[in-house]
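Working notes, structure below.
The values are calculated or read from the model by the stated rules, or taken from the named source; none is laboratory data. These numbers were taken from a predicted model, which means no experiment stands behind them. FYI the Cβ positions are ideal-geometry reconstructions off the backbone, even for glycines, and counts take in every protein chain you see.
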Amino acid sequence: MRAVQITQFGDADRLALAEVADPQPGPGQVLIRVAAASVNRADLLMRSGRYHTLPPLPAVPGSEAAGVVEAIGERVTGIAAGEHVLAWSSSGCYAELVVADETKLVPIPMAVSMPVAAALPVAWLSARYCVRELGQVGPGQVVLIHAAASGVGTAAVQTARADGAEVIGVVGSADKEGLVKDLGASHVLRRDRDDILAEVLRITDGAGADVVLDLAGGDAFALSLRVAAVGGRVVALANVAGVPSTIDTRDFYPKNVSVHGFQFANLQRLGWDPRPDLQLLLSEIAAGRFTVPIDTVFPIEDAAAAHQRLESDRSRGKVVLTVDGGLAA
């Protein structure tokens, strides 16, 4: 099969399409012919050698894929060849074939396209868990979302709005404002133009945000602590900035602010099974309740261009790879 490989950590041009052996499903596993695979920030960090855990090389990136069941291993029940499924894994999805545990896949409704399905597990489940479980967002609360035009950000804006919150989205450029507003944000601030702290205090009459989702890290985390309200919750789930955060504990402990961390794969190691949440989400998207913005779709041969697009910070929503047309998307 063909797969995108990282043979040396570095820039996007380190990604190369190669012929590799077809994977084989073991007991409890399913072989999937990939139609679409999502590109995530973690893929960029891994490729560049800056992720918190790095695989041995050569490695095939990609942690989520939508496709068609090609074969099943021993002891697999309830899944048959030919079914459309959405799967997630630690790596290996930038390929024509990928093996997934049967406990890490769900069926895809026919009303949901392969590229849209592939965009869901990491971004949307992270957003929903952070908004609902860690942030405990409820009606009338104010939620500040950094990187609101990103894949996770666009999911978080819609989730918080659906749960009755007033959403303040933070974006980095003018071309992203309209998207975030259309998805339900009451206010959109620009980090390249606005004093975020001053604007949030103005909007909230000095109270601050009840919940802050920090999708950026670096200096944004220190700002998140300052902008949180008394008794607020700050949820950190990324460090796209790739630099340490310097904080002052006086910015949060006097306000009884709680800080939560979230990482998709590690939460599953602690026992979280995302399948029920993902099946519910797929049904809601099939019914038209939520929109999944897809910024750009690249063929797998252009994986380097897909990484460059996401790294440019110009993308709005998700960047997705397709294999052989993604089953006509």
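A few comments on the model shown:
- Strands (runs of 3 or more DSSP E) contained in segment 163-259 and holding at least 1 residues surrounded by fewer than 22 Cβ atoms within 10 Å (Cβ to Cβ), more than 21 Å from the chain's Cα centre (by Cα) and without any contact (Cβ under 8 Å) to a residue 40 or more places away in the chain: 166-171, 187-190, 228-236
- Residue count for segment 132-162 satisfying the condition of being on the phi < 0 side of the Ramachandran plot and outside any helix (DSSP H, G or I): 13.
- Scanning segment 170-189 for residues that are modelled with pLDDT under 95 and closer than 15 Å to V142 by Cα turns up nothing.
- Scope segment 239-250; condition among the hydrophobic types (A, V, I, L, M, F, W, C) and closer than 24 Å to T204 by Cβ; matching residues: I247
- For segment 42-68, a tally of residues being touching a residue at least 60 places away in the same chain (Cβ under 8 Å) and part of a helix (DSSP H, G or I) returns 5.
- Filtered residue count, segment 276-313, keeping only those that are more than 23 Å from G184 (Cα to Cα) and charged (D, E, K, R): 4
- Failed condition for I285, given (1) among the β-branched types (V, I, T); (2) assigned by TED's automatic domain parsing to the domain that holds T154; (3) out of contact with any Phe, Trp or Tyr (no Cβ under 8 Å at 6 or more places or on another chain): (2)
- Candidates R128, R41, R75: the one that is under 28 Å from A305 (Cβ atoms) and basic (K, R) is R41.
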